[in-house]
1. With a 1.4 Å probe and all protein chains left in place, how much accessible area per residue does segment 24-94 have, in Å²?
2. Using only C-alpha positions, report the orientation-averaged shadow area of the convex hull of segment 21-164, nm², one decimal.
3. Starting from the Cα-Cα distance between Thr137 and Thr328, subtract it from 0.36 nm times their residue separation and give me the gain in nm to one decimal.
4. Keeping every protein chain in place, order Asp29, Asp284 by accessible area at 1.4 Å, biggest value first, i.e. largest first.
5. Could you order Tyr92, Tyr304 so the one with the most accessible surface comes first? Probe is 1.4 Å.
6. Considering only protein heavy atoms, what is the solvent-accessible area of Glu105 at a probe of 1.4 Å, reported in Å² to the nearest 10?
7. Of Arg28, Arg22, which has the most accessible area with a 1.4 Å probe, and how do the rest follow in descending order?
8. Please compute the modelled spin-label separation between Ile129 and Thr65, points set 7 Å along Cα→Cβ, answer in nm with one decimal.
Amino acid sequence: MSFSDKLSTRLMLLASKMANQRHLVAIRDSFIDIMPIIMVNSLFILMNALVFTNVSINKKWIDLTPLSDLSTMVNNGTMGFMSIFLTFLIGYRLATHYIGISKIEAKYFNPIHAGILSVALALIMFPLINTVTPVGTENSVEVAGAYMQTLTSSGGMFVGIIAALLGTELLMRICQNKKLRISMPDGVPPAVSDSFNSLIPEAIVIIIFAVTTFSFVKLTGMTIPDVVTQLISSPLQFAMQSPIGLFTVELFTQVFWFFGLHGQNIVSSVTSPPMLIAIQQNMDAFAAGLPIPNIVTNPWIGMYTLFGGTGAILPFLIAIFIGSKQKTIVKLVKLVYCQVFLIFLNL
């Protein structure tokens, strides 16, 4: 084999492993699962910006300003709890993977318990005492017994991912110990049997996370979300907003496509969290009347790098159609346009 063939083979194996890596797949599929509610929320945000708060419409036709509260309600129920939804789905999908490869028997474990446990672990790591500034005042006060929406939305996303991945991995290993299962007599409903089989393993995982979180907060005086933001969230988001970071992401996307793998799906498991955080920050800034802080978001990437497909292939096809002198290539481009048109008609 030539050097290029050996390099191609090794890169293909590496790309294939990344595409099938269980943690990345669980994160990627979970983001796909919550995509419908994100799109619905985006529609209401757009309606709020173009219609409900439109000065021209409100002055000339009818005052639709009160309907802006409708957009707020939708945002609170969708993006406002995005981290919670995502945490549950990652734990559920990762546990489903282990059941699918027979690492744990389905009759002894229900993957729903992994999702519920993941949410519980994330909430354990979220602080319950927060400093807030009441509306209309300048003095800050401490509020206890309430979770901040900045954490349940996008701010706590990385904490949720960590809770789901580590918690589910630990749960799967403990559940494999048959001595920790509570046997129930025949005739007991499956839901009851599943709960008792998971009782001791879940209790052990919760105790581990609770004691670790408690010790860390008492020793350092910092919260888990603050540490995760400083070490993971902020650097990754900064990288995605920089030209070099964005170029690197798009380069890896093209490399995966070169080897026949869905590059966008593979890299989305890494890029989706900071991109959704960027969207949430833009929405918050817009609602507060402040300048939009982030340029690079998923819609921006879709417009400028995925226009017609990965690598902005549509302008390239147009250029070929106009300037190419090879009839075979022109016919191929026409065929692609026909396929795109048929897909559009089916939509």
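The values are calculated or read from the model by the stated rules, or taken from the named source; none is laboratory data. Only a predicted model underlies this, so the values are computations on that prediction, with no experimental measurement involved. Because the Cβ atoms are built from the backbone with ideal geometry, glycine has one as well, and the counts that use them run over all protein chains shown. Areas reflect the complete protein model, heavy atoms only, side chains present, ligands, DNA and RNA absent. Shrake-Rupley method; radii C 1.70, N 1.55, O 1.52, S 1.80 Å.
1. Values: 3830 Å² over 71 residues.
I get 54 Å² per residue for this part.
2. Values: hull surface 45.9 nm².
Averaged projected hull area, Cα only: 11.5 nm².
3. Gain on extension, Thr137 to Thr328, equals 61.7 nm.
4. Values: Asp29 35, Asp284 85 Å².
Of Asp29, Asp284, the descending order of accessible area is Asp284, Asp29.
5. On the way: Tyr92 80, Tyr304 145 Å².
From most exposed to least exposed: Tyr304, Tyr92.
6. Near enough 90 Å² of accessible area.
7. Values: Arg28 50, Arg22 80 Å².
Of Arg28, Arg22, the descending order of accessible area is Arg22, Arg28.
8. 4.1
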